[in-house]
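Okay, so here's the structure we're looking at.
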Amino acid sequence: MSAQAAASARNASRAVWLKHLHQWHWVSSAMCLLGMFLFAITGITLNHASQIEAKPSVVRRQATAPAALTAQLRAYATSHDGAREPLPAAAEQWLRDTWKVQAGGRVAEWAADEVYLPLPKAGGDAWVRIALEDGAAEFENTDRGWISWLNDVHKGRNTGTAWNWFIDIFAGACLVFCITGLLILKFHAANRPFTWPMVGLGILIPFVIALLFIH
């Protein structure tokens, strides 16, 4: 094979690889666009969380559970003191009817004298406590605002299984985006002399800052 033919073959192979890399790069960037925007914004809000004033809104409600339900809970708690198990279906229905609380099979903390149901959520907190002696029930809901909600979404805190799956898939798409971008840079580096110095700075700057200023 002549030198010219070999060069043509290399150029054809390079063009094929670049085509595939560009395709994977733009597809992964399209998939990551909104997620990267969200995570960039919430990265700033998390970094300045102590400087962003938050005024939690707390709502408290009280009610009395029906005698039959209280008796059912008391009987269950007698043999499950210290257990961590969901509420019975009847108790979950009563919470929906009384306070529109969706227990959804969440784990409750059982004691001989009360049952406590924590209801953590993104951007706030909530809980329900039912006294087993007289059925006195309390519900408290705390909302820390939309910035706190976005921060918890960023961290995947109390966001549920579906969002945790999204974070994993999003992270995978970001890896594809970064790796294909790096390979595209490699293909173009010969004609762009500042490519590798810029890549080096992108690695060196955060490394030096972490080494010198994070203790």
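Taking 7 Å steps out from each Cα toward its Cβ at S57 and E140 produces label points 1.9 nm apart.
Once every DSSP H run of n ≥ 4 in the chain is given -39500 (n - 2.57) and the sum is divided by its residues, what mean residue ellipticity at 222 nm do you get, rounded to the nearest 500 deg cm²/dmol? Please list the in-between numbers first.
Working: 6 runs with 127 residues, N = 215.
Result for the chain, helices only: -20500 deg cm²/dmol.
When M198, M36 are compared by accessible area at a 1.4 angstrom probe, the order from most to least is M198, M36.
Accessible area per residue was computed with a 1.4 Å probe on protein heavy atoms; R96 scores about 80 Å².
Label region 110-215 by shape, choosing from rounded, prolate and oblate, from the square roots a ≥ b ≥ c of the eigenvalues of the Cα gyration tensor; if a/c is under 1.5 it is rounded, and otherwise prolate applies when a/b is larger than b/c, oblate when it is not. Let's see the in-between values first.
Numbers: a/c = 4.56, a/b = 3.04, b/c = 1.50.
Prolate is the answer for region 110-215, as a/c is 1.5 or above and a/b outweighs b/c.
Can you divide the C-alpha Rg of region 57-144 by 2.2 N^0.38 Å and report the result to two decimal places? Taking N as the residue count of region 57-144, the ratio is 1.02. Within the accessible area of the chain, the carbon and sulfur atoms contribute 64%, probe 1.4 Å, all protein chains present. Labels on offer are [x] 1.64; [y] 0.92; [z] 1.14, and the one holding Cα Rg over 2.2 N^0.38 Å computed from this structure is [x]. Put V199, V115 in order of accessible area, highest first, and with a 1.4 Å probe you get V199, V115.
Please compute the per residue accessible area over the chain with all protein chains in place, 1.4 Å probe, rounded to a whole number of Å². Walk me through the numbers before you get to the answer.
Details: 14350 Å² over 215 residues.
In whole numbers, the chain has 67 Å² accessible per residue.
The charge dipole of the chain, taken about the Cα centre with unit charges on the Cβ atoms of Lys, Arg (+1) and Asp, Glu (-1), comes to about 1480 debye, rounded to the nearest 20.
Centre-to-centre, using Cα atoms only, region 19-62 and region 136-190 are separated by 7 Å.
The values are calculated or read from the model by the stated rules, or taken from the named source; none is laboratory data. Note that the coordinates shown come from a computational prediction; the quantities given were computed from them, not determined experimentally. Methodologically, a virtual Cβ is constructed for each residue, glycine included, from the backbone with ideal geometry; neighbour enumeration extends over all protein chains shown. Side chains included, ligands, DNA and RNA excluded: accessible areas come from the protein's heavy atoms. Shrake-Rupley method; radii C 1.70, N 1.55, O 1.52, S 1.80 Å.
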